[in-house]
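Taking it in order: structure first as structure tokens, then the write-up.
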Amino acid sequence: MPLTSVGDGAQQFLTMRNGGAIKTELFRLAESLSTGRVNDITAELGGDTNRLSGINYSLAQIDGFAQVVSETSQMLAGIQTVLGKVDTVRSDTGAKLLLLSDASTGAQVDEAGRAARSSFETIVDTLNTRLADRSLMAGTAVDRMPLASAESMLADITASLAGATTVADITTAIDTWFDDPAGGFATMGYLGDSGAPLERRVAEHRKFQIDARADDPALRDVLKATAMAAIAEDVAILDIEAKSDLLREAGERLFASATGIVAVQARIGFAEAAIEQTEVELNAQKTALEISKNDLISADPFETASRLQNIQLQLETHYSVTARLSRLSLLDYI
């Protein structure tokens, strides 16, 4: 029977290779035990990674939707802040204007007019608020301001009053400037998009429309009434009594416009509640998917620890045998 012998050099190579393989397995098991995940996922799943790929795709989708939900939530909160500030200015200005009476002095009337001009500027600046360099109240035209400057609009409104001699004429002219779909506010005042509402997809089968814009009828009514008071001191043909009447008319309109502002705030509030619910649902879906993923790729700690102990014993035995072989000598047998 022929004998197959292995030379010393080959024996050393085999010993080193076997030791390296054992140490590699030891390190792999140690890593699995510390991370809680298997190293070779493909082998663990028997080559069938379709389910894992599907879970990873769904998780990536959820992360994308979660980002949109976060941005939409911030946008809605910003719009609510804008609406709240506009409503505060509306309320304060209206209250001041309604304090005027036939007994008011010229100085009081002029001061009320100047205060109304400042309020109009504040409202316009507020509606032009941007968040993360995106306009909040311009519809889909987030890259530009929704309103022209307060100064430009008041100048154009004043120019449209040519020929108006009474308070009734002035209010009619201002109503026309704001309500005419082919001129005035529609063409030079509002600069945002007037098409379909801004739409955000926050889930695979769910999207929200954000319809609060600076040209909303409720906000237009506030702008109209405030502008009516703001131009009072610019109409030279009106006496103090007529100016006072105009300012009180503006105050009454500001008071009446509260209902419209509340309705817009309610719509945005409803959208905020729906977005919050969507965020909860997305988090629940993500948690469920991550649990399923962990079930696929997690390493059993007890099994891994047992295998690690066996490999450690195997490595110790390997070193012990190697040491014994290295001490073999012919002299020991002579």
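On the basis of being more than 20 Å from residue 126 (Cα to Cα), part of a helix (DSSP H, G or I), open to solvent by 30 Å² or more (accessible area, probe 1.4 Å) and of a type in the set (A, V, I, L, M), does residue 273 make the cut? Yes: the conditions hold for residue 273. If the condition is being open to solvent by less than 60 Å² (accessible area, probe 1.4 Å), over 14 Å from residue 257 (Cβ atoms) and of a type in the set (A, V, I, L, M, F, W, C), then segment 180-231 contributes 185, 186, 188, 198, 202, 203, 208, 210, 212, 214, 230, 231.
If you scan segment 182-213, which residues turn out to be out of contact with any Ser or Thr (no Cβ under 9 Å at 6 or more places or on another chain) and in a loop (DSSP other than H, G, I, E, B)? Within segment 182-213, 182, 187, 191, 194, 204, 205, 211, 212 qualify. If you check 152, 91 for being assigned to a helix (DSSP H, G or I), without any contact (Cβ under 8 Å) to a residue 60 or more places away in the chain and open to solvent by 50 Å² or more (accessible area, probe 1.4 Å), only one passes: 152. All of (1) modelled with pLDDT of 95 or more; (2) open to solvent by 60 Å² or more (accessible area, probe 1.4 Å); (3) not in a helix (DSSP H, G or I) hold for residue 121 with one exception: (3). Quick check, is residue 175 outside any strand (DSSP E or B) and farther than 26 Å from residue 87 by Cβ? So residue 175 fails the test. Residues that are open to solvent by 70 Å² or more (accessible area, probe 1.4 Å) and assigned to a helix (DSSP H, G or I) were ranked within segment 287-300; the one that is modelled with the highest pLDDT is 287. The residues on offer are 214, 273, 284, 256, and the sole one that is modelled with pLDDT of 90 or more and more than 21 Å from the chain's Cα centre (by Cα) is 256. Entry remark, segment 75-86: residues being more than 15 Å from residue 124 (Cβ to Cβ) and open to solvent by 20 Å² or more (accessible area, probe 1.4 Å) number 4 in total.
Filtering segment 136-170 down to residues that are of a type in the set (Ser, Thr, Tyr) and modelled with pLDDT of 95 or more, which residue is farthest from residue 83 (Cα to Cα)? So that I can check it myself, show each step before the final result.
Going through segment 136-170, the residues of a type in the set (Ser, Thr, Tyr) turn out to be 140, 149, 152, 158, 160, 165-166.
Going one step further and asking which of them are modelled with pLDDT of 95 or more, we end up with 149, 152.
Working: 149: 18, 152: 22 Å.
Selected residue: 152.
A single member of 61, 74, 80 is at pLDDT 60 or above, in a helix (DSSP H, G or I), in contact with a Gly (Cβ under 8 Å, 6 or more places away or on another chain) and not hydrophobic (A, V, I, L, M, F, W, C), and it is 80.
The values are calculated or read from the model by the stated rules, or taken from the named source; none is laboratory data. Worth saying up front: this structure is predicted, and the values here are computed from it rather than measured. Note that each Cβ is placed from the backbone with ideal geometry, even for glycine, and that neighbours are counted across all protein chains shown. Side chains are part of the model used for accessible areas, which takes the heavy atoms of the whole protein and leaves out ligands, DNA and RNA. Shrake-Rupley method; radii C 1.70, N 1.55, O 1.52, S 1.80 Å.
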